[in-house]
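A.B. asks: My questions all concern the structure below.
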Amino acid sequence: VADIQRAGGHLKTLIDDLLDLARIESGRPRVELEPLSLRQAFADAKTLASASLLAQRIQFSCQLGSDLPVRADGGRLRQVLVNLLSNAAKYTHEGGHVTLSACRLTDDLVRISVTDDGIGIPPHKLKDLFVPFERLGAEKTKIEGDGIGLALSYKLVELMGGRLGVESIPGQATTFYLDLPAATGSPASV
């Protein structure tokens with residue numbers, strides 16, 4: 001029963017991601033930008049990704065000194081963060097470490113990073129990382145996935161006025177970062 005529920009949940013997520021990707025491609029994306037609290041966004045993402053992190057016995061740390069408000073869509077930001085944290089858990093060895101952090105790059109820009117000490121990504125594969133359905137060879141492993149999450153996350157971050165990027169050292173670590181506009185005014189709860 002648990003396997004059927006897990007498979008059903010995976011199928012629902014896949015369908016939702018495909019619908020989101022189709023909406024974006026057709027020019028009908030749904031994003032509502034507003035000032036948001038990163039403290040709340042981080043707490044929500046950690047809660048939603050905790051099953052992935054716990055299943056792999058991943059050590060998780062969150063580094064956010066002061067709350068940095070960003071201008072983003074709360075649901076979409078949460079979706080991107082959960083995807084990045086879940087991917088980090090999938091590609092990090094059991095007992096590894098994942099860090100979620102944020103810092104102000106400039107007065108107008110905040111960088112959010114998800115860093116893992118997993119398998120890394122070879123430089124020659126980075127160009128295909130955000131291509132829909134491209135799994136960079138992971139389809140030949142036991143690592144689950146469909147190759148949609150990063151492509152969708154890339155497009156969602158762009159729609160929020162930001163940029164999603166990656167830095168990786170094969171066999172050592174990977175950092176996905178998203179640079180989002182800093183918010184002025186009172187952040188809403190995500």
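A.B. asks: Checking the conditions here, which among Ala102, Ala88 is at pLDDT 85 or above and either in a strand (DSSP E or B) or aromatic (Phe, Trp, Tyr) (or both)?
C.D. replies: Selected residue: Ala102, the only one of Ala102, Ala88 that is at pLDDT 85 or above and either in a strand (DSSP E or B) or aromatic (Phe, Trp, Tyr) (or both).
A.B. asks: Which condition breaks for Leu48 when tested against (1) open to solvent by 40 Å² or more (accessible area, probe 1.4 Å); (2) touching a strand residue (DSSP E or B) at 6+ places or on another chain (Cβ under 9 Å); (3) assigned to a helix (DSSP H, G or I)?
C.D. replies: (2)
A.B. asks: Here is a further query. Taking into account only those residues within segment 55-76 that are out of contact with any strand residue (DSSP E or B) (no Cβ under 9 Å at 6 or more places or on another chain) and assigned to a helix (DSSP H, G or I), which is surrounded by the most Cβ atoms within 10 Å (Cβ to Cβ)?
C.D. replies: Arg76
A.B. asks: Being under 19 Å from Leu152 (Cβ atoms) and open to solvent by less than 60 Å² (accessible area, probe 1.4 Å) is the filter; apply it to segment 126-139 and report the residue that is modelled with the lowest pLDDT.
C.D. replies: My answer is Ala138.
The values are calculated or read from the model by the stated rules, or taken from the named source; none is laboratory data. What you see is a predicted model; the values in this text were computed from it and never measured. Ideal geometry is used to build each Cβ from the backbone, glycine not excepted, and the neighbour counts take in all protein chains shown. SASA here: full protein model, heavy atoms, side chains in, ligands and nucleic acids out. Shrake-Rupley method; radii C 1.70, N 1.55, O 1.52, S 1.80 Å.
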